[in-house]
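One structure is given here, and the rest of the page talks about it.
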Amino acid sequence: MIRIIRQPHFGRIAKVTALPEELTKVESETLVRILEGEFEDGTKFLMPRANVEVIES
């Protein structure tokens, strides 16, 4: 379980579903490691790993 610490989903809780190894280019044109996650309502998303904090292990 993670908490998102950046907008637009600041404060939302989600479950990590995958941690792809390859670097991905984001809006700022930088290459970062991302995670795939899912909110409780079933909505899936991709987000840089640096934008979340682990709240459960």
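Any read-out appearing in this document is the output of simple, stated calculations on the displayed coordinates, not a laboratory observation. Since the model is a prediction, treat every value here as computed from it, not as a measurement. Cβ atoms come from the backbone with ideal geometry, glycine included; neighbour counts cover every protein chain shown.
Across region 32-45, rounded Karplus estimates of 3J(HN,Hα) from the backbone phi angles (6.51 cos²θ - 1.76 cosθ + 1.60, θ = phi - 60°) give 9, 7, 10, 10, 9, x, 9, 7, 4, 7, x, 5, 9, 8 Hz, Gly and Pro being marked x. Placing unit charges on the Cβ atoms only, positive for Lys and Arg and negative for Asp and Glu, gives the chain a dipole magnitude near 120 debye about its Cα centre.
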